[in-house]
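A short worksheet on the structure shown next.
The values are calculated or read from the model by the stated rules, or taken from the named source; none is laboratory data. Given the structure is predicted, the values throughout are model-derived calculations rather than measurements. Every residue, glycine among them, receives a Cβ derived from its backbone with ideal geometry; neighbour counts consider all protein chains shown. To get the accessible areas, we keep the full protein, side chains included, count just its heavy atoms, and leave off ligands, DNA and RNA. Shrake-Rupley method; radii C 1.70, N 1.55, O 1.52, S 1.80 Å.
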Amino acid sequence: MFRTRLKMMRSVRAFWFAAGALTCLSGCIGSAPQGTTTVEADALPRLRIDVGDDRLVGQGDPATLSVDIRGGKAPYHIRWSQESGPTTQIVSTDGPMATTAPLMELGHLVFRVVVADATGQHASAFAPVEVVPAGSQNEDLVITGPMTIDSDQPVQLGVVGGSQGGGLTYQWTVVSGDGTLSGADTAMPNLSGGNAGDVRVRVEVSDPADGTIRAAETIIHLALRVSVSAPDVAISGMPVALTTSVNADPARVTFEWSVDQGTADIDNPAAQNVMITMSVPESVHLHVTVSPGASESGTQPEEAMANVRLVSIEDTTPEAVVHTSMGDIRLELFYDDAPKTVFNFLRYADDGFYNDLVFHRVIAGFVIQGGGFFMNGEELEARPPTFDPVMSEANNGHSNTIGTIAMALRGTDANSGTSQFFINLGDNNFLDTATANQPAFTVFGHVIAGMDVVDAIAIVPTGQRSGQSDVPIDPVTISAVSRGR
């Protein structure tokens, strides 16, 4: 299990975070086994394998996989596995042959075969399978790929159907619409979208052997998309600008802004770009909906929405209160020096994420750590973080000294901070410097009241629980983290 772990080797004052390790065990083939000499292995023809051409399989049919083995020395050990695509089962294997369960989902699958011979040589190959509508593998060409593109990332297209041999040439074109093809002379080009609307794509497949040219066309819809550029944090009472980008002519779409949670004034809810003013320190959730205007004749009826989250603070030294079963701890947060980390901490607090969590690691003279576990009966259970990790803001002029609060991290990744934090019980300046075994830890605030509560937590009896050490025997619970002002 991955977990954030903050631990000190008391005897040598060394410190590291142990995040747990995901150990992947796979079948490995070593050097020549007993009874086979290195000279013999070197004299053998090199082991080579071939899985043949890509396979077209009709929807609902199984795929038959095969591998041709040349060279090496028998007996051969053959292992098939699936690498990607809709999950299916390999239901039978008979030497170099393998059969899957019926393939019910259209799409692209890739299988892998690993072959080892008696001398320790091994080789691997990938066998792509394209699942197409039943019967189309023997009919006319069919263009494969998504019928709707709803992101700004290129998508891959393909062509299947008919009896496609070797030596074919391909020519893809955008017949109409706002799209760009890369690799237009290959079997599987990439399509990048522009403005929202329909893109008609055509492919011509030429066979030099008989001079025939076959063609297929399809329509791919580029969905309406909108994104918003906004600051993470705003000062209460001071307007902030929110700017939108849309993959359509802004003059031909409509915008509608609304507040989902919290309190905020929007200067013009029907504008593309708006000014937002929040009057109290809190988290505010907004969204903007973009719809095609009435003049967009022929445009598919659709709309796009983007969510925005802003955290309001009273000034650049906001306060927060950690309410615990042993008393309150009041913090002053260093927004000027760690803005992203303060934003991260406050959004977790405002969402109630810390409610009913515990301090799961207490090491007297070192740290108390919380923000990631709750008690499930007698066991610790992790509460998964709800936001992406934040970038490190270590070395910001603040040191890990007694009474400061800092981000806990995962392993040696300085940019892995999420919900967990620790309060320093001593001057742990060595946490400020990155080494090969530990990152530098971001200090983002300090205790301004309730240090007696911190000290009381620091001396509670601890022991082993749920595979972790230094866990308070009697849980120290965080009932909530609230705004101090």
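Structural remarks
- Taking the conditions (1) open to solvent by less than 10 Å² (accessible area, probe 1.4 Å); (2) in contact (Cβ under 8 Å) with a residue 40 or more places away in the chain; (3) part of a strand (DSSP E or B) in turn, residue 419 satisfies each one other than (3).
- Among (1) surrounded by fewer than 16 Cβ atoms within 10 Å (Cβ to Cβ); (2) within 30 Å of residue 149 (Cβ to Cβ) - the single one residue 310 does not satisfy: (1)
- Single unsatisfied condition, residue 131 versus (1) at pLDDT below 85; (2) part of a strand (DSSP E or B); (3) open to solvent by 40 Å² or more (accessible area, probe 1.4 Å): (3)
- Residue count for the range 374-409 under the criterion of being more than 19 Å from residue 422 (Cβ to Cβ) and among the charged types (D, E, K, R): the result is 4.
- Taken over the range 422-456, the criterion of being among the β-branched types (Val, Ile, Thr) and in contact (Cβ under 8 Å) with a residue 60 or more places away in the chain is satisfied by 423, 442, 443, 447, 448, 453, 454.
- Scanning the range 422-444 for residues that are among the aromatic types (Phe, Trp, Tyr) and either in contact with a Ser or Thr (Cβ under 6 Å, 6 or more places away or on another chain) or open to solvent by 20 Å² or more (accessible area, probe 1.4 Å) (or both) turns up 430, 444.
- Output for the range 273-286, where each listed residue is more than 13 Å from residue 230 (Cα to Cα) and open to solvent by 20 Å² or more (accessible area, probe 1.4 Å): 279, 280, 281, 282
- Residues that are under 29 Å from residue 255 (Cα atoms) and touching a His at 6+ places or on another chain (Cβ under 6 Å) number at least 2 in the following strands (runs of 3 or more DSSP E) confined to the range 271-361: 304-313.
- Pairs with Cβ under 7 Å, 6+ apart, first in the range 256-269 and under 14 Å from residue 234 (Cα atoms), second open to solvent by 60 Å² or more (accessible area, probe 1.4 Å): 263/279; 263/280
- Subset of the range 68-85 that is more than 33 Å from the chain's Cα centre (by Cα) and of a type in the set (A, V, I, L, M, F, W, C) - its residue that is farthest from residue 124 (Cα to Cα): 74
- Each residue in the range 396-416 was checked for being assigned to a loop (DSSP other than H, G, I, E, B), open to solvent by 40 Å² or more (accessible area, probe 1.4 Å) and modelled with pLDDT under 95, and 1 pass.
- Any hit, the range 189-203, residues being in contact with a Pro (Cβ under 6 Å, 6 or more places away or on another chain), assigned to a loop (DSSP other than H, G, I, E, B) and hydroxyl-bearing (Ser, Thr, Tyr): no
- Selection of the range 92-122 for residues being open to solvent by 20 Å² or more (accessible area, probe 1.4 Å) and within 18 Å of residue 51 (Cα to Cα) yields 92, 93, 94, 95, 96, 97, 99, 108, 110, 112, 121, 122.
- Failed condition for residue 221, given (1) modelled with pLDDT of 95 or more; (2) not in a loop (DSSP other than H, G, I, E, B): (1)
- Residue match in the range 357-376 (condition: farther than 28 Å from residue 469 by Cβ, surrounded by fewer than 22 Cβ atoms within 10 Å (Cβ to Cβ) and among the small types (Gly, Ala, Ser)): no
- Residues considered: 43, 32, 74, 101. Of these, the only one that is at pLDDT 65 or above and either acidic (Asp, Glu) or within 29 Å of residue 118 (Cβ to Cβ) (or both) is 74.
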